[in-house]
1. Can you give the extra length, in nm with one decimal, that the chain gains between ASP477 and THR281 once fully stretched, where that is 0.36 nm per residue apart less the Cα-Cα distance?
2. Let me know the shape class of the chain, please: from the alpha-carbon gyration tensor, a ≥ b ≥ c as square roots of the eigenvalues, rounded when a/c is under 1.5, otherwise prolate if a/b is greater than b/c, or oblate.
3. Please give the Cα centre distance for region 371-409 versus region 1-77, rounded to the nearest Å.
4. For region 2-338, rounded, prolate or oblate, judged on the Cα gyration tensor with a ≥ b ≥ c (square roots of eigenvalues), a/c < 1.5 rounded, else prolate if a/b > b/c?
5. Tell me, ILE121, ILE25 in order of fewest to most beta-carbon neighbours within 10 Å?
6. Ranked from highest to lowest mean number of other Cβ atoms within 10 Å per residue, what is the order of the peptides 542-551, 499-508?
7. Apply 1/(1 + (r/R0)^6) to the Cβ-Cβ distance of ILE200 and THR163, taking R0 = 30 Å, and write down the FRET efficiency to the nearest 0.05.
8. Pairs of alpha-carbon atoms within less than 8 angstrom and 6+ residues apart define the contacts here; what relative contact order does region 149-193 have, in percent?
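Values quoted throughout were computed directly from the atomic coordinates according to the rules given, and no laboratory measurement underlies them. Since the structure is predicted, the reported quantities are computational estimates derived from the model, not experimental observations. Neighbour counts run over all protein chains shown; Cβ positions are idealised from the backbone, glycine included.
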Amino acid sequence: MKWSLRITGGPKRVNHAAVAVGQSIYCFGGYCNGENFKDFTPIDVHIFDTLTLRWRSLPVVGKKDPSAGRVPFRRYGHTVVEHLGKVYLWGGRNDERACNVLYCFDTKRHSWSSPAVLGQIPGARDGHSAAILRDGMYIFGGFEEESQTFSRDLHRLDLMTFTWTLVMVTTNGSPPKNLDFHSCTALGDCLYVFGGRGDIAGATYTGQGIYDNTMVVFNTVSNQWTYSKVEGDVPLGRRSHSAFERNGYIYIFGGYNAIEKQHFNDLHQFDPALKKWKKLTPGGEGPCSRRRQTCCVIGNRMFLHGGTMPLPGFPPPGEDDPDNPPNLLDLDDLFVLEFSETMKWILKVSDGPKRVNHAAVAIDQSVYCFGGYCTGEDFKNFTLIDVHVFDTSTAKWTSLPVPGKKDPGADRVPFRRYGHTVVEHFGKVYLWGGRNDERACNVLYCFDSTTRTWSRPAVYGHIPGARDGHSVAIHRDGMYIFGGFIEESQTFSCELHRLDLMTFTWTLVTTTGSPPRYRDFHTCTTLGDSFYVFGGRGDDSGANFTDQEVYSNAIVVFDTKSNQWIHPNVQGDIPLGRRSHSAFEYKGYIYVFGGYNGIVEQHFNDLHQFDPSRMEWKKLTPIGEGPCSRRRQTCCVTGNRMFLHGGTMPLPGFPPPGEEDDPDNPPNLLDLDDLFVLDFSE
């Protein structure tokens, strides 16, 4: 990570608002000392093109122009969010009054409108925060004009119906203090509120400021506030800082603390999973200490613009104030923070269990590996399944004892198999499907990772037929099964089944849209409320197996809220179609590694990254010595590392003459016992 660029001569803006749309940053309003903020001039808009690194300013609408009534007046302390290519501006003030009218800026037409809104409209204010989650714009806190008080209310505007609601939180959750000039960052289903200025009196402004450094989280599913017990390099409390999210982390830059009389130019990273702060020191020459700047992220770069910095003699006697120009210097510069890709293969561990077409899951600091085959083993005698545990802190394998077929409780243990799936839910591992050389299975098994014992929960409902090569994904309390090769009908599937892991009831999911084609040995990856299906082997005939193979490289998305299949248009370095690859999610991206394509007779060891927000693929080249080309391996993520284990690789003479690949061709495939670690540290 490094500061890679500084551009001067842009618009000199303080306490403005900005948002990234496509490859451009749109900057709205803000002040500069000496400007007139009493005459209700329509707002200024400046656009920074991140490709050409050039600013341009849009014409300011005249006050007597016919469209002026739809254009916000020039202001500061407002917020903007982007939704479906449009920017929604709310709140803020000039030197005369605050505002609570909603405005919409169309980034394609560069035109303004003022949508009619319904419901419980928040009072006019400035210094509030705004965050967008799905179709809702959330407003928290700020300084209210009418009551002259700090707020701690949370409001939501539905951007489909334009209806405001005052969000009623659960009684056991206390909201943050009455605040202004804090930050609120959306991540997953939650809003993360940090910093801001409060007052010792609570809602009333007495000039006795409080600067909080607590991270308070609002869960939009449960409507509950929680106070995170955090550790690490916790930043000093501040206001008028910037916050942004990238790859599942929250970053804080700059700001001001009037008690300490200190401006900041520090950069902190917060890991919501570990509830841990880390102070960062990027390379390069970064911004000076400042406040009231904006920060916007596009791709792997963050663009910081403007704000105001202290001059010698700051602070003046009394409280700091934007009406003290001799002691503050308004800024026109723009800095670029580069999040350099530094992922690397850091470790290879040999002599682990030699497993192919197995299943694995990460729980805390361990990777649990279940079953799979190794060429030469007997897969007809229904021996009970093997379990191997890799401790990621010691880099050591442990093999659990395999029960005998006649041991007490043996009927609760799955037989040894391949082509099955596992998921983790509240510390328990649920294994389903797969086969040995005699038959497939559709019994649900549960492995308790604490007691390391098996059980066989009773299930109800519409139980899917026995199969292998299906995919599994977990979303909240549901385990979803898609596709695979069904034993009884000897056909590929394109059905989606859901098992409720609280009631253990199976349902065949009724969907809309066109499902992915019939397939097996594909992947299905959960991200947010959606599943992303990629790859797999199908047949030109559809459900039947005729040996006329089809290998798709399309991404198909299933939305669990609408139960709809979506076929998006994607771009970038699209991987070749494949089966028996691995897919995993890390910090909002989906990664695909390895696999095999029988048409081109090629095994892979490439790594691709898919960005769901931009529907774009990117081929990656990590540093270090990575795995050889292979298929039927497993990939599990714990912390900022991915652990890849096993699989099978081709030998010279693969494929054999006249044969499609097959586990019954040992001379041409080599089963693997190695484990590789991919480190995502930045």
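1. Using 0.36 nm per residue and subtracting the Cα-Cα distance, I get 66.6 nm.
2. Prolate is the answer for the chain, as a/c is 1.5 or above and a/b outweighs b/c.
3. Here the answer is 63 Å between Cα centres.
4. Numbers: a/c = 1.21, a/b = 1.05, b/c = 1.15.
The shape class here is rounded.
5. Exposure proxy ranking, most exposed first: ILE121, ILE25.
6. Working: 542-551: 14.0, 499-508: 16.1.
Averaged packing, sorted descending, gives the order 499-508, 542-551.
7. My answer for the efficiency is 0.25.
8. Working: 39 pairs, mean separation 14.7, N = 45.
The value is 33 percent.
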